[in-house]
Amino acid sequence: MTALPTVELTVYPYECDGFGHLNHASALALFERARWESLARGPGMDLFHRAGVAPVVRKATVDYRAAAFPGDALRVETVITHRGTTSWTARQSAQRARDGVVIAEAEIVFVCVDRAGRPAPLPEEVARVLGPRSTAAHEAQRIGVAGAELAVEVRGEGAPVLFAHGFPFDRTVWRHQVAALSRWKRIAPDLRGAGESTAPADGYSIARYADDLVAVLDALGVRRAVVCGLSMGGYIVFELLRRHSERVRAVVLCGTRPQPDSEAARRARDELAALALERGSAAVGERLLPQLLASATAAEQPEVVQQYRDMAQRMSGPGMAGALRAMRDRPDSTPLLSQIRVPTLVIVGSEDQVSPPEVAEAMAGAIPGARLAVIPAAGHLAPLEQPLATSCALADFLDALS
Ligand code: MLT
């Protein structure tokens, strides 16, 4: 829990009812004043404005405990009891300064919105003030699939959207989108060998990953989903379209490409797989890092670099080697493109070196009716580097589907 500075406020006559008590509406307003005042004493009242977002109240509960009168000084304490990616909860307590009697307590849930009123991930500066993200609230379910157990985050209600992560990442690469797209049922698994899923010693293939995702949908009773794949996740989406097209309502292909590996790329996969098994996943993570991010990301968003390192480190050696061999052996998906009959969105970071914008543009051009969204100032990790722009592109696409 993070505590904001305690502030003392005086009750004025105009805030009181006919009997001279602080009235209920004024008590709520007093809590609000206390919050702005604590920002003024800490990071500045314009904290949200500076970041181009605003805090809006989604839910408020107030317990009125005792009367307060004009001239009473109230000491208001504010603690952040939960911090998510787009929302947070503040608990406030107002005590009479002279005798410590609690006048009222409030619990208020806020959501961060952008200028269009859409939920937006907390900007880094705001997140720092509110404290570390609470993790317990969104624990993953464990779902058994053939030979492995997957950690799957399932949030919300509405039309299902299934997120497939890339390599060497895990489901948290989609954390901002999973938090922001609150009108859809978000399903984000860690693939076998990644994140909190188990890592069988072998048996990895793109087809295996695709079958695992279908097993996840089966376990959750989901017949069809919008499937959203980042890079290797995109290779898996192609496989889903080949093997299980009836389960796919629409597709989002992010930072991915249809072409198979060249001979040189296949050899490089084998070298990296050997490195993963000999020196561990962090060594592979460091080897890949230089090509993953946009030029400004490392300097301006060091937390994104850290998130990447954490994801790579969470992958097991066998999981990494398995994923590399699965990608090495993936089929050519170019012939599939003109056969795709579901709505498609292609997303690419303007500085993606792994699957560059021209590849994305050609791919979108080959898929009937596909839309293309280029995310400025993003490399291969657009969902983490530019979460707001990526979430907006996704939300616009999903809105158009319904
Ligand atoms: C990924 O992000 O999944 C990988 O970069 C894909 C690849 O190496 O082909």
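The values are calculated or read from the model by the stated rules, or taken from the named source; none is laboratory data. Fair warning: this is a prediction, and the values are worked out from it, not measured in the lab. Cβ placement follows ideal geometry from the backbone for every residue including glycine, while neighbour counts extend to all protein chains displayed. Heavy atoms of the whole protein, side chains included, go into the accessibility calculation; ligands, DNA and RNA do not. Shrake-Rupley method; radii C 1.70, N 1.55, O 1.52, S 1.80 Å.
Dividing the mean sequence gap of close Cα pairs (under 8 Å, 6+ apart) by how many residues the stretch 111-166 holds gives a relative contact order of 17 percent. Each residue of the stretch 208-216 is assigned a 3J(HN,Hα), and the resulting list reads 4, 4, 5, 5, 4, 5, 5, 4, 5 Hz, derived from the Karplus form 6.51 cos²θ - 1.76 cosθ + 1.60 (θ = phi - 60°), x at Gly and Pro.
Evaluate E = 1/(1 + (r/R0)^6) for Arg133 and Thr61, where r is the Cβ-Cβ distance and R0 equals 35 Å; express this FRET efficiency to the nearest 0.05. It comes to 0.95.
A cut-off of 5 Å between modelled amide H atoms, ignoring neighbours fewer than 5 places along the same chain, links Met315 with Gly195.
Taking only protein heavy atoms and a 1.4 Å probe, the accessible area of the chain is 51% carbon and sulfur.
For Val346, the residues whose amide H sits under 5 Å from its own are Leu253, Arg371, Leu372, Ala373, ignoring neighbours fewer than 5 places away on the same chain, with H placed 1.01 Å from N. Computed with a 1.4 Å probe over protein heavy atoms only, the accessible surface of the stretch 317-402 comes to 37 Å² per residue.
The residues neighbouring Leu217, those whose beta-carbon lies less than 12 Å from its own, together hold a net charge of +1 under the Lys/Arg +1, Asp/Glu -1 convention.
Angle of helix 357-366 to the longest C-alpha principal axis of the chain, folded into 0 to 90 degrees and rounded to 10: 70°.
Note on the stretch 80-213: Cα-Cα pairs beyond 17 Å make up 67% of the total pair count. Applied to the stretch 37-51, the Karplus parametrisation 6.51 cos²θ - 1.76 cosθ + 1.60 on θ = phi - 60° returns per-residue 3J(HN,Hα) values of 5, 5, 5, 4, 7, x, x, x, 5, 8, 3, 6, 4, 4, 8 Hz, with x for Gly and Pro.
How far, in degrees from 0 to 90, does helix 302-314 lean away from the longest principal axis of the Cα atoms of the chain, to the nearest 10? The two axes meet at around 60 degrees.
Measuring between their Cα centroids, the stretch 80-127 and the stretch 1-42 lie 14 Å from each other. Taking amide H atoms as placed 1.01 Å from N in the peptide plane, the amide H of Ala159 lies under 5 Å from those of Lys185, each 5 or more residues away in sequence or on another chain. As a ratio to 2.2 N^0.38 Å, the alpha-carbon radius of gyration for the chain is 1.14.
Mean sequence separation of contacting Cα pairs (under 8 Å, at least six apart), scaled by the length of the chain, corresponds to a relative contact order of 13 percent.
Report summary: the helix-based calculation at 222 nm, which adds -39500 (n - 2.57) for every DSSP H run with n ≥ 4 and divides by the residues of the chain, gives -11000 deg cm²/dmol.
Residue-wise HN-Hα couplings along the stretch 195-202, as the Karplus relation 6.51 cos²θ - 1.76 cosθ + 1.60 with θ = phi - 60° gives them from phi, are x, 9, 7, 6, 10, x, 5, 8 Hz; Gly and Pro carry x.
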